[in-house]
Amino acid sequence: MNPAQDTGRQETAAPAIELRGISKAFGPVQANKDISIRVMPGTIHGIIGENGAGKSTLMSILYGFYKADAGEIIIHGRPTQIPDSQAAIRAGIGMVFQHFKLVQNFTVLENIILGVEEGALLRPSLSKARDSLKHLAEEYELDVDPDARIEELSVGHQQRVEILKALYRQADILILDEPTGVLTPAEADHLFRILDNLRAQGKTIILITHKLREIMEITDTVSVMRRGEMTATVKTAETSPEQLAELMVGRKVLLHVPKGPANPGATVLEIENLRVVDQDKVERIKGIGLTIRAGEILGIAGVSGNGQSELLQVLGGYCRATGSVKINGQEIDLTGKHSDGQSRRARGIAHVPEDRHHHGLVLDFAAWENMIFGYHNAPEYQKNALVMDNAGIVEKTEGAMERFDVRPPIPGLPAKSFSGGNQQKIVLAREIERNPDLLLVGQPTRGVDIGAIEFIHKRIVELRDAGKAVLLVSVELDEILSLSDRIAVMFDGRIMGERLPAETNERELGLMMAGVTGSGEAA
Amino acid sequence: MDYATLLQVLDSTLRLATPLLLACLAGLFSERAGIFDIGLEGKMLIAGMASGAAAALSGSVWIGLMAGIGASMMLAAIHGVASITFRGNQLISGVALNFVASGATVLIAQSLFSQGGRTPPLSGAARFNPIELPFTEAIKSVPFIGPFYADVLSGHSALVYAALLAVPVTWWVLYRTRFGLRLRAVGENPESVDTAGVSVIRLRYTAVAITGLLCGLAGAYMATGLQAGFGREMTAGRGYIALAALIFAKWRPWYALWATLLFGFLQALALRPDVIERSFGVAIPVPALDALPYILTVIVLAGFVGRAIPPRAGGQPYVKER
Amino acid sequence: MDKLPRWADVVLVPLISLLMAAAISALVILAIGGDPVEAVKVMVTGALGSAYGWGYTLYYATSFIFTGLAVSVAYHAGQFNIGGEGQAQIGGLGVALVCLALPWPHWTIALPAAMIGAGLFGAAWAAIPAYLAAKRGSHIVITTIMFNYIASALIVYLLVEVLRPAGQMDPATARFPAGAKLPTFGEIPGLSLFFSKNVPANVTFFVALAACWGVWLLLWRTRLGYQIRAYGKSEPAALYAGISPTRMIMVSMLISGGLAGMMAINNVMGEAERLLQNSAEGAGFIGIAVALMGRNHPIGVFLAALLFGFLYQGGAEMGLWTTIPIELRLLLQGLVILFTGALDNMVRMMLGIFFRAKAKGAA
């Protein structure tokens, strides 16, 4: 917050943590290349970079999960070996992972003492933890019910448990890996207040993120990583989001996809009063209505976990629902009794799912086998009534790989051997080339390199221009704003409202995503 | 069924439930730590052979017991190496070790004793002999309770009482100690344990070793307590019944006791077709009674269990992220 | 873990696993006072040294092809069917009922009918565990094991109480009619020049070969096979694609059970010519080893079945002519399953070290 104060400290105190020349390779992939940073005590240091830039690897080295191939770690002026997590904890490092490391059916207290129990019996440890939890809660706005089971807590509270775990272990260097990815804006704000508090108490914090806004908002200094290398370290006060973005990707980001105005035609998708209740009887979608017309892209904005995934799955045919969904004026079955992914495809719905590793691809299948996945019953892929036309499919795959610039263009290669962007192109090629009436797209550019993002966005716009309807779900507001012709915001299973991209901004959408309506009232 | 017959059946229920209970608790430790083990059967079998052989050769049941535990723990160690260190398929490892045990027991018993793969009959100090519980004589005359105490509870071998004692001990270890907390955590989310700086591998090996120990007791009881010597395939699927009991018990120690007592009761009934005929008025063919525990297990697996949620990390080898 | 060349993964891993299993077995033989070299000699002579030995080796291999294919098909759908033993026994019941139902005029008519009986009964026995797995989430490994025990109890009951002809002492069905007798290799023109009349290997061997081809065609050339494999690799992806998990579990298990059941035309119809207790004699379990060793591919299964045919016949000879008990086969079988199915990563790691050293040496 106060750079002047930091510079003052820099002369007197040693850095809380210093990395010198850290390198780490996984096989041929150089995840970290000669990385050096210094973080002064009582500051928040941001590390920003795209997915796959090597941020998480670096932090895993710091936490003793991986051993660096080369380099030094110096903590409070002392060179320190961190062979395992225990050593990291001893060195005063606490880590809040992106995916929480909590035992779901344990209580908060049990999770907190796990690994730092006092003696062989649990009882003394539990009561000691209960006491210090009370203190920590008062000190840092970190209140959670110590006896609640983790599975009963909201994501924001679970994250607090992770922070409490680190503090209970006397951590004075706290690393947070993409902490806001799963939070609503309100929860994120609360988190930042906590971090602010921690800084005020002299804790050192390393914040890993790919969100520029967060870096600008809370950090004192920031390092940028790109392709395993540290490209710059600057004072936050002396930089701008544009400069950081450029450092991150190495060239100007294409923030706005070139696209002409939409020419919406007939209504393709009509959703009324759609409800989804999951296995645990929790209502995930609470009666929503949407329409999409031919030749337009409807973007669904929202923090993940607010019903968007279920919406895609209902339309894709593998999640049950009640209500009414019409495609080209015809009702489709939502009970799952007379419909599945196959019948949806027959109705002209194509689906690029949110999670290509689990849904969109069979990772062990070759690219050519994946290229017909979901359409394997189509007549053009059959040789005769009995067997499939494998040779013909391979040939068609070669063509599709060329058109979608999939690299390497080898149909026999298993899907798992392609990079994220190329995997996504395989899925996209398969779905778009079926020429669907409605394309469902979930998180089209998650884990995809920047070059492929541009390509993927262009293809989606092309499909719209060909007069098709597109339903786009993304947690990236930038993506929603630049691609959509209309934007609907989902929160807690409801549609909070619709906006036109030209008439709204990130701030307004962010409020709606947090459940606050346009007029400022809570929903 | 009159009271005396009932007591007889209950008495043999306790005997027959003992190996099931020990094996079930054995499986509980392993599965709670996230390691599936369908090799309980093989471990019991090899422990039965080892204890039968060692007891016959040494004349001491205690040496037999040690040998049984040692043999069972050896198989447990192989299972550990396959499923923990080399992240192999835990189910296949279990199946394989069951075959190894089937083959090895007969090979060794045959080469030692040349009695068709059996060990010689045991007697005296080479067997676990019945222990009379205190006050048996005094209470015996009390109506109803007295005969129950004297005929059902009293007069079993030390391992029966050890098995019963193992239930509260297991509960206490699991829910009241640091080791238990970590063990349960490693079966639910090994990452939570790993990031807390505790070795997943060491915890899981410890759990597998306890499984070996308890299966050793179960097998030793089969050969030196329940029967007087080892015979080929003498466990006859008990390892699998114990596994079913474990599912039935939702991986909890006290439930494990009730589940194994139930299955033990069924086995006891199968030994007394006359009792069933007298009680129910129909003759049930012996093969049907033999199959009953297995049929019941299937029914249990098909949903009588309710929502039994197995340990979340069960069966999956632990690989650090990436 | 080190990446191995594909050929090494397919060929070397199973071979080295086998060698390690054999080495341990040799140590066990030494430990119990036998002579491993002598044992191998007896096995080779007994199984491969004569037309008689080959007749048995191929007979066993035929059974193992069926059970190995059964495990493989289920495996590709992500199901571990270890109920092949029970399914083969119940398949035997189907064969017996078909063969005893009519006075069959000629084997060419009886064989297809018996195949249908065997396949249907085997499939039916797999159907219940499959249904419970698909609909109730029961663990298929445990239920199929239970069904093995239930099958043997059922067969014992039926043989003792129902199917045993009056006046017969041993629990078995009546002998099948002469028209249901399958020609052995000694009775097939051409082969009879080599094989004598009393070898058990019979025409079923050719049915097994056809089954290998059929399974290959099914898995890698048909839509159904494509869907089975897709489901086996990823259930969420299958749901996305509109492939029904219930259907895949049912279909793959029915085919698997059918194949295991078909084994019965080899042993029940081709050899015993009546149904006996424990007719499958462990062949269902050997199918697990065969499938793992054969990497779940029909060609691999065929080769592994030949190998186990040799081990089975050789082991029997060894039990006859040496002091080493026949149960060595079980030990060896367990070790092969262990090394190929559970310690495969260890084998790969060892090979990886070797390959890296070689690469260094070359550079």
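Rule-based calculations on the coordinates, nothing more; no lab input. Here the structure is a predicted model, which means the values were calculated and not measured. Please note: Cβ atoms are built from the backbone with ideal geometry, for glycine as well, and neighbour counts cover all protein chains shown.
Taking chain B as the reference, fit the longest principal axis to its C-alpha atoms, fit the long axis of helix B:3-32 to the helix C-alpha atoms, and give the angle between the two in degrees, 0 to 90, nearest 10. It works out to around 10 degrees. Pairs of Lys residues in chain C are counted when their Cα atoms are under 27 angstrom apart and they lie 8 or more places apart or on different chains; the count is 6.
Bridging of A:LYS458 to lysines at a Cα separation below 28 Å is possible for A:LYS211, A:LYS252, A:LYS259, A:LYS326, A:LYS396, A:LYS416, A:LYS425, A:LYS468, once same-chain residues fewer than 8 apart are set aside. Within segment A:127-165, none of the trypsin sites (Lys or Arg not before Pro) combine a DSSP coil assignment with at most 13 other C-beta atoms in a 10 angstrom radius.
Please rank B:THR18, A:THR43, fewest neighbouring Cβ atoms within 10 Å first, as an exposure proxy.
Going from sparsest to densest Cβ surroundings: A:THR43, B:THR18.
With respect to chain B, whose longest principal axis is taken over its alpha-carbon atoms, helix B:61-80 is tilted by about 30°. Membrane-span-like helices in chain C, defined purely by DSSP H runs whose alpha carbon atoms cover 20 Å or more axially and whose average Kyte-Doolittle hydropathy reaches -1.0, are C:13-31, C:51-76, C:84-101, C:107-136, C:140-157, C:204-221, C:245-264, C:298-321, C:344-362. In chain A, helical runs assigned H by DSSP with n ≥ 4 each contribute -39500 (n - 2.57); averaged across all residues and rounded to the nearest 500, the mean residue ellipticity at 222 nm is -9500 deg cm²/dmol.
In this structure, C:GLN277 and B:ASP2 have a Cβ-Cβ separation that, at R0 = 51 Å, corresponds to a calculated FRET efficiency of about 0.90. The separation of segment C:194-236 from segment C:1-44, counted between C-alpha centres, amounts to 27 Å. Relative to the longest principal axis of the Cα atoms of chain A, the long axis of helix A:390-403 lies at roughly 60 degrees. Which of the residue pairs A:LYS55/A:LYS286; A:LYS134/B:LYS320; A:LYS165/B:LYS320 have a Cα-Cα distance greater than 28 Å in the structure shown? Where the Cα-Cα span goes over 28 Å, the pairs concerned are A:LYS55/A:LYS286; A:LYS134/B:LYS320.
With runs of 4+ DSSP H residues as the only contributors, calculate the mean residue ellipticity of chain B at 222 nm using -39,500 (n - 2.57) per run, divided by the residue total and rounded to the nearest 500.
So the calculated ellipticity at 222 nm is -21500 deg cm²/dmol.
Of the residues C:PHE195, A:PHE192, C:PHE308, B:PHE36, the one with the fewest other Cβ atoms within 10 Å heads the list, and the complete ranking is A:PHE192, C:PHE195, B:PHE36, C:PHE308.
Compare B:ARG238, B:ARG202, B:ARG312 in a GNM of chain B, Cα atoms joined below 10 Å, and give the one with the largest fluctuation. Maximum among the listed residues: B:ARG202. Taking other residues whose beta carbon is less than 12 angstrom from the beta carbon of A:ASP478, and scoring Lys, Arg as +1 and Asp, Glu as -1, yields -1. Dividing the mean sequence gap of close Cα pairs (under 8 Å, 6+ apart) by how many residues segment B:15-121 holds gives a relative contact order of 28 percent. Seen from C:LYS41, the other residues with C-beta closer than 15 Å to its C-beta sum to a net charge of -3, counting Lys and Arg as +1 and Asp and Glu as -1. Mean separation of Cα pairs under 8 Å and 6 or more residues apart, divided by the residue count, gives chain A a relative contact order of 14 percent. Just check the protein assembly as shown against the gyration tensor rule for me: Cα atoms, a ≥ b ≥ c as the square roots of the eigenvalues, rounded for a/c under 1.5, and otherwise prolate or oblate depending on whether a/b exceeds b/c. Here the protein assembly as shown falls in the prolate category. Maximal additional length on extending the A:LEU413-A:ALA14 stretch stands at 138.5 nm, based on 0.36 nm per residue less the C-alpha distance.
When +1 charges are put on Lys and Arg Cβ atoms and -1 charges on Asp and Glu Cβ atoms, the dipole computed for the protein assembly as shown relative to its Cα centre reaches about 1660 debye.
Normalising the average separation of contacting C-alpha pairs (under 8 angstrom, six or more residues apart) by the number of residues puts the relative contact order of segment C:46-346 at 36 percent. According to the Kirkwood relation over distinct C-alpha pairs, the hydrodynamic radius of segment A:48-200 is 16.4 Å. Give the residues of segment C:66-102 whose amide nitrogen is closer than 16 Å to a point set 7 Å from the Cα of C:ALA210 in the direction of its Cβ. Of the residues in segment C:66-102, C:66 have backbone N under 16 Å from the label point off C:ALA210. Against the empirical 2.2 N^0.38 Å scaling, what ratio does the C-alpha Rg of segment C:46-346 come to? Normalised Rg, Cα atoms only: 0.98. Multiplying the residue separation of A:VAL257 and A:ASP280 by 0.36 nm and subtracting their alpha-carbon distance yields 4.2 nm. Of B:TRP254, C:TRP104, B:TRP171, the sequence from fewest to most neighbouring Cβ atoms within 10 angstrom is B:TRP254, B:TRP171, C:TRP104.
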